Amino acid sequence: MKVIRSVEEMQYQCRELIKQDKQIGFVATMGFLHEGHLNLMEHAKEENDIVVASIFVNPLQFGPNEDYEQYPRNEEKDLLLAEEIGVDILFIPTAHEMYPSKMLIALSTVERADVMCGRSRPNHFEGVITVLTKLFNIIQPSKTYFGLKDAQQVAVVDALITSLNFPIKLIGIQTTREQDGVAQSSRNVHLNRHEREEAVWIYKALQKGQQLVVDDEKNPAIIVKEVMNTINDKTSARIDYVEILSYPQLKPITVIDEQVILAVAVNFENTRLIDNLLLDKNGKLVSQFK
């Protein structure tokens, strides 16, 4: 595995690979790798000639009161895991390397970013699409892989690729979960023992909502109320949102008659967790977004 820290060197290596007609699969991460990241890398390895992954904790997508400095980091372990899974090139730039001077162009989202996490995290997705535009231009992948745990991000990346005509295929992969159902996240390390025990109820609440759809409940308001009641009854977490929206458009709906996302975000004392289920109109889990 080759480790590259320079934008210039990364661009050079990718240009050379493209000259050789190599198809590049790209996985963007913020490091502290877990099984979910490795699952994306495995998919990329199966479908491409070369796997490029990046590790970059992007300061632009953190608000002033968020956990940029506290975001978990362990580069030594990340290097071992990435090499073990078969990553060919690992790109690890510094913030100064990615943003050597003030950005002279600002990217903003018109749709899909003002609901769910975007409502309570202003400018978050502007930071996401800025860094991804830079990474896509540097690496020029054929395919890029994202986990559906952050399904709003997948929807925003879909809009970015479509709107700016990036010749990239977006693959959204189903959430990787612990044995008890908790969605894997780098932030789980910040949960105390009691909070970790309670976290299982986030997924259980989503499953209750899914079962209502399976049982032919078509009113989103009834399902949202059931999910909220379960989380409030079983956990000490403060609910940020529970929403059912069309997917990937992320528009409000009054009747479930299309593909939807049932999504939740909660705040424990020091940790914000998100989770969701992507469902067809009959409540069946959608395992992959293409």
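The values are calculated or read from the model by the stated rules, or taken from the named source; none is laboratory data. Bear in mind that the values here come from a model prediction, so they are computed numbers and not experimental data. All Cβ positions, even for glycine, are placed from backbone atoms using ideal geometry, and neighbour counts span all protein chains on display.
Determine whether the stretch 77-90 contains at least one residue that is surrounded by fewer than 19 Cβ atoms within 10 Å (Cβ to Cβ), under 29 Å from Gln249 (Cβ atoms) and modelled with pLDDT of 95 or more.
Among the residues of the stretch 77-90, not one is surrounded by fewer than 19 Cβ atoms within 10 Å (Cβ to Cβ), under 29 Å from Gln249 (Cβ atoms) and modelled with pLDDT of 95 or more, which makes the answer no.
Farther than 30 Å from Arg196 by Cβ, in contact (Cβ under 8 Å) with a residue 60 or more places away in the chain and in a loop (DSSP other than H, G, I, E, B): does that describe Pro141?
So Pro141 fits the description; yes.
Mind telling me which of the residues Val264, Val260, Val227, Val255 ends up being buried (at least 22 other Cβ atoms within 10 Å of the Cβ) and over 30 Å from Ala44 (Cβ atoms)?
Val227
For the list (1) surrounded by fewer than 16 Cβ atoms within 10 Å (Cβ to Cβ); (2) in contact with a helix residue (DSSP H, G or I) (Cβ under 8 Å, 6 or more places away or on another chain); (3) touching a residue at least 40 places away in the same chain (Cβ under 8 Å); (4) not acidic (Asp, Glu), I need the number of the one condition that Pro248 fails.
Result: Pro248 passes all but (1).
What number of residues within the stretch 51-75 satisfy the criterion of being crowded, with 19+ Cβ neighbours inside 10 Å, over 18 Å from Met103 (Cβ atoms) and not small (Gly, Ala, Ser)?
Qualifying residue count, the stretch 51-75: 3.
Report yes if Glu258 is farther than 19 Å from Val182 by Cα and of a type outside the set (Val, Ile, Thr), otherwise no.
Against the criterion (farther than 19 Å from Val182 by Cα and of a type outside the set (Val, Ile, Thr)), Glu258 qualifies.
Determine, yes or no, whether Val57 is farther than 25 Å from Lys290 by Cβ and under 21 Å from the mean Cα position of the chain (by Cα).
yes
Anything in the stretch 95-129 that is farther than 25 Å from Val156 by Cβ and assigned to a loop (DSSP other than H, G, I, E, B)? List them, or say none.
Pro100, Ser101
From the list Phe146, Phe166, exactly one residue is assigned to a loop (DSSP other than H, G, I, E, B), outside the structural domain of Leu250 (by TED's automatic domain parsing), at pLDDT 95 or above and surrounded by 17 or more Cβ atoms within 10 Å (Cβ to Cβ). Which is it?
Sole residue among the options that is assigned to a loop (DSSP other than H, G, I, E, B), outside the structural domain of Leu250 (by TED's automatic domain parsing), at pLDDT 95 or above and surrounded by 17 or more Cβ atoms within 10 Å (Cβ to Cβ): Phe166.
Restrict the check to the stretch 36-49 and report whether at least one residue is assigned to a loop (DSSP other than H, G, I, E, B) and within 19 Å of Leu132 (Cβ to Cβ).
yes
Which condition number does Leu90 fail, the rest of (1) farther than 23 Å from Arg272 by Cα; (2) over 19 Å from the mean Cα position of the chain (by Cα) being met?
(2)
Out of everything in the stretch 230-245 that is over 16 Å from Ile274 (Cβ atoms) and among the charged types (D, E, K, R), what residue ends up being surrounded by the fewest Cβ atoms within 10 Å (Cβ to Cβ)?
Within the stretch 230-245, the match that is surrounded by the fewest Cβ atoms within 10 Å (Cβ to Cβ) is Asp233.
Where in the stretch 178-290 are there helices (runs of 4 or more DSSP H), lying fully within it, with 2 or more residues that are aromatic (Phe, Trp, Tyr) and within 22 Å of the chain's Cα centre (by Cα)?
It comes to 200-214.
Just to check your reading of the model, which residue among Val57, Val27 is in contact with a helix residue (DSSP H, G or I) (Cβ under 9 Å, 6 or more places away or on another chain), in contact (Cβ under 8 Å) with a residue 24 or more places away in the chain, assigned to a strand (DSSP E or B) and in the same structural domain as Leu148 (by TED's automatic domain parsing)?
Of the residues listed, the single one that is in contact with a helix residue (DSSP H, G or I) (Cβ under 9 Å, 6 or more places away or on another chain), in contact (Cβ under 8 Å) with a residue 24 or more places away in the chain, assigned to a strand (DSSP E or B) and in the same structural domain as Leu148 (by TED's automatic domain parsing) is Val27.
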